[in-house]
Structures are given as C-alpha cells and as structure tokens.
Amino acid sequence: MGADLILYFLIVIFCGNLVVAKDGQCSMYGDCGPAEAGSSKHLNCKYNGPAKPLTDPDGLKILETYCPELITGNNTLTCCDTTQLRTLQANLGVPQQMLLRCPSCFRNFLNLYCYTTCSPNQNNYVTIDYVKPDIPTGNKEAAVATHYYISENFANGMFNSCKDVQMPSANQKALNILCGHTAAECTPQKWLDFMGDTSNGQTPFRITFVIGNTATPPPGTNVTLHPMDAMTSKCSERAFNKSACSCQDCAASCAPIPSPPPTEIESTILGLDTWYFVMGLLYIVFLIVFFTSYLVSYFLCEPQQEQNSFTTVYQNGTQGNGTTNMDGSHSEKNHNQTKYNSEAIVQLSDISYMEKLGAAMERILQRTFTRWGACCARHPVLVIVLGVIIAGGLSAGIALFKVTTNPVELWSSSNSRARQEKDYFDSHFGPFYRIEQLVITRPNNHTKYRHPLPPPAPSTAYVNYSNLFDKEFLHMLLDMQLEIEALTATYNNKTVKLEDICFKPLAPDNNNCATQSVLEYWQKNHTTLDKVIMDEWGFTVMADFIDHFEYCVSAPASTQDTKGLNISCLAVDSAPTFPWVVMGGYDSTNYKNSTAFVITILVNNHLKDEDNEKAKAWEKVLISYLQSKQDHPNMTISFSTEVRTVPLTT
C-alpha cells in the first residue's frame, strides 16, 4: 500500500510538470525590427499567446497566394501580421525563380515557411531558444534562435519533390544553389541546416531544424511538441492548379520506357542468315558471268588470221611487213628484208582486243594533240590573246570574292529556320555577348601545393592541391586580372575602359562587370585572399583561402562561408561563380586537381557592327597586353577574343 502511494505521488508530480503544447497557440507574432542596425533582415517578436485573426485585406491576399492551406474562411487565425507576410513575400523571390518550374516542389517549400511563420498552431513545433531586445524600442523581445520540429514524412517529401529540379540558366540542379552542398551530396537534413543558418545570407535568425516523427521536448524544457506534418505533394502531382513537374525536373513524371519489341526469329537458308546467303549467291553469280564473258571474248572474238597488213617482230629485233597469201604462205615486202631465217616473237594473234582498242585510242590522241600543238605554234599571238581573254573572263568573279569568318554565316543558310529564329532573337533581345577568355596553366611546374589540415587532424596531415593553388601564384594571377580590367583603349579620340563596354547584370545597383574567375571567390581582393582564422592561442591556422575555396565550390551562391572566415562566395557583381566554369583539367568533381584556370569576361554585343567598334578597340589592346605575357616564366596563357584566337603553347 505504501509503495503504491509513493508511485502515485511521483506520477502526479511528473505529470504536473509536463506541459503539452496546445493548438491555437503562437511562439512568435509581429515584426520586431532589423536583426542589426541598418540590416534589411527583420526578426519576429516573441509571443506566447493565442493566434490572432487576420483581417487586413492585403495580408489575406498574400496569405491566400502563398499559404492557402491556412485560410479558414472569414475568421482566419494566424501567428503573423501583414508586415511579416510582406517580408515573407519579399524573401521568396529567389526560391520562386529556382523552384517554381516544378509547382509541387515550390508548394512544399512554401509550406515549410508558411507553417513556421503563420500557422495558428505554431507553438506545437516552434520553440524560441534566445531573444534580445528589439532595436526600435527595446521594449519587446526579438527571437534570434529557434528550434523547428518537422516530421520525417514532410522533410523527405519536400526533398524528394525538389531534388531533381533543374536551373536551365546555370545548367545545373537548383539544390546546388539552395543546399550549401552539391546536389549529389545534399540530404534533407543538410538542406534544412543550410536554410536555417544565418551564414547563408538570407535567414534573419538561427533556425535549428529537427527531423523526427516523435514529440521530443527541447533541451531544458518540459514541453511536449508535435512535429509539423503538413501534407506534401509529389513532384508528379498537380499544385497551384498547374500541371505536374516536367520529366526533366521529376523522374516520376516521365512516361514509362516502352518494353523492347520481341526479338524476331531470323530466317536462314542452309543454316546461314538469309541476307548472307543471298549476297554470297549474288557474288558467285557475278564471278560466273564475269569469267564466262572473258572466256567467250578470248576464244570467239579474237581473229585467227588477218587479211590486212601486219607487223611481225622477230627474235633479232627486226620488223617485217607482209601479207598472207590465199594458201597461207607469207611473202615479205619490206625493202629491208631480213637475211636471216628468224622466228617471229609476237604474232598478230597474240594481241588482244583491248590492246588493239587502246592502241587505236592512243593514235587518235596523238593525231589530235599533234594538230593542236601545230596550230598553236603557227598562231602564237592569237593563242596568247585568246588565253588571256578567257582566263580574265573566268577570273572576273574574284572582284566579288569575300572571306567569311563569322561561324554563323559559315554554318547556316541565311534562309534556314535556325538563322531566322536567331535573327529574330537578336533583333528583339540583342546578340549574344562578346566573350574574352583566358586559359592559364603551369605546364612547367609539377610541384604540388600541400595544404595542412586543421585540428583535430595530426599536425603532419595535409591534402595535395595542384600547383595552381599556390598562394603566391594566385596573387600573381590576381595582379594580372586587375591589370586587364584596368586596360584602356582609344576610339574616336575618346578613352574606352572595360566598364564602358562590359556586361553589368545588376546595374545600376551594382556596376561591376560580369567576370567569371576563380579569384571571384575572394572578390578579387588581396587582403581577402590572405585572410586566416587562428585558434584561440594564435598558433594554429583553423581556416584559410583553401578552406574558403572548398566551401565555395560546394555552395557557390553562399553569401558567407561557414569556416569562420565569413567571406562571401559571390563575385563582385553579386553573381555565383560555378567551379566547372572557372576551372579545367580536373577529374569528376575533384577541383583541387585542376590544371587550368579560366577567366571569362562578358562584353556587350550589338546588332549593328559599328556599335561594336569600342569593344573591338579594347579587344585589340587586350591582345597586345596578353601577347606581352606569352613568355611569362610562371604561367602559360592562351586566349580568345572576338577578333582573334591564340592557341595554347607550351
């Protein structure tokens, strides 16, 4: 009895301390201002209370557009206000561009943020870890770190619907940009971890995603949570009243591969394939006809004796002309009759029909060209004059001769469908960029760059990189690239700079030229390239330029690495730099083994050739500069511009 009473008492105490999250409760509500002074990223206010009605028409319109599942009629309760919804709408711009081509994927992605921002049951799966006073007033608590619990079904469903979505503009999968890792390495947890990390440049506060189907209390709390388990749509299903994802973005949408037709039984004749037998038979018939015709020609078409004159060649080398009498006797009529009783070597009967035909053709050619030569010799002036007139007439077309170097003109007809479509595109959107490209190698340097691994690896552990990753060489290459970008030319007595002709994708907000180079990982800055992170004692390098490089090749669109350097991977023009564009000679995705760096500069192109004269003037200066670098002792440069191509030399 006493033991039962004690057990009952303990259960009451335990259950009294255990709090179960209730439906209709919020963890956050409202906008608490920027995360930092001057920052465009806003934090949510901590709020432990019931969900509030959303009555603002603008807010309801945004909610219906992005989170229709949360609309419950005239009395829609949410844990967000209109300001938060506008912020959500603004932050969805980039994911929408990348994922909307697969509506199901984008629908699932939206639900992830709709439920954490506006769901009236937010308190069931969102907890706040840390808060700080809001910047505008300091009177409210702004959430700076949260835990977000989601079910395995939702996490896997969202990931599976998006894992194959393509980015045609970059010729790669969208998760290469959104995951912080390559799409091949990405998993649901890695994707969520990257999206919840403030270092990605988009997330205003830290979100720790926890995937699991069980209600796990947060550390140090006694709250039982229910993981968010919203419905997910398969990529092969419709969403937003749009068709399912295409086969390119969703393998499940692809039509099944038809079964191969049954193997036909091959017909045979005498155990051989019919076609082999027929072709062999035809060949045998051909041989029979050929040899039969030859034998008939040999035995029946050759005259036994000639009634006309003939020439007999004797063993002693003399010739005799004669006729054959009716009785078959032979009488010589040559004035140089032989005095020897010699036996003839070649008889008329020995000469074949084809040989006689050849001899007749030879005599015709001989007579014809003899007469032709004699005529020319008798009338030399007339022959020369006529020859000059004829040659001049046939060569008159050279005045219209034009060398075509444009590949478009060389390989496509002016009235072809492809040319018509290209001309239409160029006339409406402008022709493709003028490309200035450099390929840099170090063929005469076979050393490896050894990059030591940070702790906890042993102090002697290192990873080999190609000689291109030597820091001194990178500084040298950076100097050259900066010199190229500073080149000036003269056209019509005006100075032409690269910034006057280059493509600027984000102008006027960002007036930097679009340049693809591995040095863009460090924003073409020597100081950034030299930046390192030391341990707390200042003895061991924990992260340097190589660590930043490794992070950027796996997450080229990241605005801040996670190595502690806090350096962006974006180029100075705010565009991502994809490793397969700026490096070459590597195997698979082992970019550390690259044997070439590629620098590509995009220059604006114009439909009218005269509008490209400034670019041509600058390109000529670029060629002169690069030719002066051809004997560089530490690198080999090949380059290509719109006006000239120089091959790689070693």
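The values are calculated or read from the model by the stated rules, or taken from the named source; none is laboratory data. In this text the structure is predicted, and so the values were computed from the model without any measurement. Methodologically, a virtual Cβ is constructed for each residue, glycine included, from the backbone with ideal geometry; neighbour enumeration extends over all protein chains shown.
General remarks:
- Scanning the range 537-561 for residues that are at pLDDT below 85 and crowded, with 21+ Cβ neighbours inside 10 Å gives Ala555, Ala557, Ser558, Asp561.
- If the condition is being of a type outside the set (A, V, I, L, M, F, W, C), within 19 Å of Phe432 (Cβ to Cβ) and part of a helix (DSSP H, G or I), then the range 395-417 contributes Pro407, Glu409, Arg417.
- Among the numbered conditions (1) of a type outside the set (A, V, I, L, M); (2) touching a Lys or Arg at 6+ places or on another chain (Cβ under 8 Å); (3) not assigned by TED's automatic domain parsing to the domain that holds Thr559, the only one that Gln481 does not meet is (3).
- Residue in the range 452-460 that is of a type in the set (Gly, Ala, Ser), part of a loop (DSSP other than H, G, I, E, B) and at pLDDT 95 or above present: no
- Scanning the range 156-166 for residues that are touching a Lys or Arg at 6+ places or on another chain (Cβ under 7 Å) and outside any helix (DSSP H, G or I), we see that the one that is surrounded by the most Cβ atoms within 10 Å (Cβ to Cβ) is Val165.
Residue-wise test of (1) among the hydrophobic types (A, V, I, L, M, F, W, C); (2) surrounded by fewer than 22 Cβ atoms within 10 Å (Cβ to Cβ); (3) part of a strand (DSSP E or B).
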{"residue": "Thr116", "(1), (2), (3)": "no, no, no"}
{"residue": "Ala142", "(1), (2), (3)": "yes, no, yes"}
{"residue": "Asn153", "(1), (2), (3)": "no, yes, no"}
{"residue": "Asn176", "(1), (2), (3)": "no, no, no"}
{"residue": "Thr182", "(1), (2), (3)": "no, yes, no"}
{"residue": "Glu185", "(1), (2), (3)": "no, yes, no"}
{"residue": "Gln189", "(1), (2), (3)": "no, yes, no"}
{"residue": "Thr208", "(1), (2), (3)": "no, yes, yes"}
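- Checking each residue of the range 258-273 against the condition of being surrounded by 12 or more Cβ atoms within 10 Å (Cβ to Cβ) and of a type in the set (Val, Ile, Thr) gives at least one match.
- Contact map, the range 39-66: first residue closer than 13 Å to Gln122 by Cβ, second residue of a type outside the set (S, T, N, Q) and in a helix (DSSP H, G or I), Cβ cut-off under 7 Å, separation 6 or more or different chains; the map is empty.
- Scanning the range 384-419 for residues that are at pLDDT 90 or above and among the basic types (Lys, Arg) turns up Arg417, Arg419.
- The condition (being in contact (Cβ under 8 Å) with a residue 40 or more places away in the chain, closer than 30 Å to Arg450 by Cα and out of contact with any Ser or Thr (no Cβ under 9 Å at 6 or more places or on another chain)) is satisfied by just one residue among Phe639, Phe578, Phe539: Phe578.
- The range 22-73, subset buried (at least 18 other Cβ atoms within 10 Å of the Cβ) and charged (D, E, K, R), residue nearest to Leu92 (Cα to Cα): Asp31
- Of the residues making up the range 423-469, those that are under 18 Å from Val598 (Cα atoms), surrounded by fewer than 18 Cβ atoms within 10 Å (Cβ to Cβ) and not polar (S, T, N, Q) are Tyr433, Ile435, Pro443.
- Residues of the range 541-566 satisfying the condition of being in a loop (DSSP other than H, G, I, E, B) and either of a type in the set (A, V, I, L, M, F, W, C) or on the phi > 0 side of the Ramachandran plot (or both): Ala555, Ala557, Gly564, Leu565, Asn566
- Scanning the range 470-514 for residues that are within 27 Å of the chain's Cα centre (by Cα), surrounded by 18 or more Cβ atoms within 10 Å (Cβ to Cβ) and within 15 Å of Asn604 (Cβ to Cβ) yields a count of 6.
- Within the option set Val518, Val598, being at pLDDT 95 or above, touching a Phe, Trp or Tyr at 6+ places or on another chain (Cβ under 6 Å) and not basic (Lys, Arg) holds for one residue only, Val518.
- Check on Val581, surrounded by fewer than 21 Cβ atoms within 10 Å (Cβ to Cβ), modelled with pLDDT under 95 and within 30 Å of Lys422 (Cβ to Cβ): yes
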